[in-house]
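Asks: Can you read through this structure? Questions will come right after.
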Amino acid sequence: MKLPQSSIIELPKIPDRRGNLSFIEGENHVPFAIQRVFYLYDVPGGESRASHALKTCHTFIVAISGSFDIHVDNGEMKETFQLNRSYYGLHMPPMCWRFIDNFSSGAVCLVLASERYSADAYHRDYDEFLEAVHADR
């Protein structure tokens, strides 16, 4: 089994003297059809979010405002991505453990997902996640 890799994707950016515009199209700029959209905001200083892996769902995460760090772990490799530009996003395939921290004041974290919400779609225990990763090899 090939372990999933997360990757930064640059979004279209249309500059204009009145302000820039960026956009995201499912199955074009992101490699999946968008089924769910949610966002994190007003995260208190020092707090983190996520701490889970999605079993079959792809996600695409954008710092709409401010900045934050996303720590990604596919069971064998760990990498940290800092998102701080609204025209870059992080694509995360299924089976990537993630947690998000270092939110700047006023940060807004936009998440696009390939599946609707289901509580059963998550690994919320890190050891369970690692067992699932190694069982699929």
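The values are calculated or read from the model by the stated rules, or taken from the named source; none is laboratory data. As the structure is a prediction and not an experimental result, all values here were calculated from the model. Positions of Cβ are backbone-derived with ideal geometry, glycine not excepted, and every protein chain shown enters the neighbour counts.
Asks: Going by the conditions given, is Tyr87 touching a strand residue (DSSP E or B) at 6+ places or on another chain (Cβ under 6 Å), farther than 30 Å from Lys13 by Cα, modelled with pLDDT of 95 or more and not polar (S, T, N, Q)?
Replies: No; evaluated as a whole, the condition is false for this residue.
Asks: Show the residue pairs that are 6+ apart or on different chains and have beta-carbon atoms under 9 Å apart, the first residue being within segment 1-12 and loosely packed, with under 12 Cβ neighbours inside 10 Å, the second being at pLDDT below 90 and part of a strand (DSSP E or B).
Replies: Filtered contacts from segment 1-12: no entries.
Asks: Follow-up question, since we're still on this one. For Ala53, are the conditions met, namely being more than 27 Å from Ser105 (Cα to Cα), in contact with an Asp or Glu (Cβ under 9 Å, 6 or more places away or on another chain) and touching a residue at least 60 places away in the same chain (Cβ under 8 Å)?
Replies: Taking the combined requirement at face value, the residue does not satisfy it.
Asks: Do you know which of the residues in segment 17-69 that are polar (S, T, N, Q) and closer than 23 Å to Leu130 by Cα is nearest to the chain's Cα centre (by Cα)?
Replies: Thr59
Asks: Would you check if Asp42 is at negative phi and acidic (Asp, Glu)?
Replies: no
Asks: For residues that are within 15 Å of the chain's Cα centre (by Cα) and either under 21 Å from Pro12 (Cα atoms) or of a type in the set (A, V, I, L, M) (or both), tally how many sit in segment 94-122.
Replies: Residues meeting the conditions: 10.
Asks: Same structure, new question: Kindly list the number of the only condition in (1) of a type outside the set (Phe, Trp, Tyr); (2) exposed (fewer than 14 other Cβ atoms within 10 Å of the Cβ); (3) free of Cβ contacts under 8 Å to residues at least 24 places away in the same chain that fails for Val37.
Replies: (3)
Asks: Give segment 99-137 a look and list any residue that's over 28 Å from His29 (Cα atoms) and in a helix (DSSP H, G or I), or say none.
Replies: Of everything in segment 99-137, those that are over 28 Å from His29 (Cα atoms) and in a helix (DSSP H, G or I) turn out to be Tyr126, Asp127, Glu128, Phe129, Leu130, Glu131, Ala132, His134, Ala135.
Asks: In segment 61-84, what residues are under 24 Å from Lys13 (Cα atoms) and in a loop (DSSP other than H, G, I, E, B)?
Replies: Listed by number, the residues that qualify are Gly66, Ser67, Asn84.
Asks: Residue under question is Glu115, and the condition is that it be among the acidic types (Asp, Glu) and in contact with a Cys (Cβ under 6 Å, 6 or more places away or on another chain); does it hold?
Replies: yes
Asks: Identify the residue in segment 1-16 that is of a type in the set (A, V, I, L, M) and outside any strand (DSSP E or B) and, among all such residues, is nearest to the chain's Cα centre (by Cα).
Replies: Leu11
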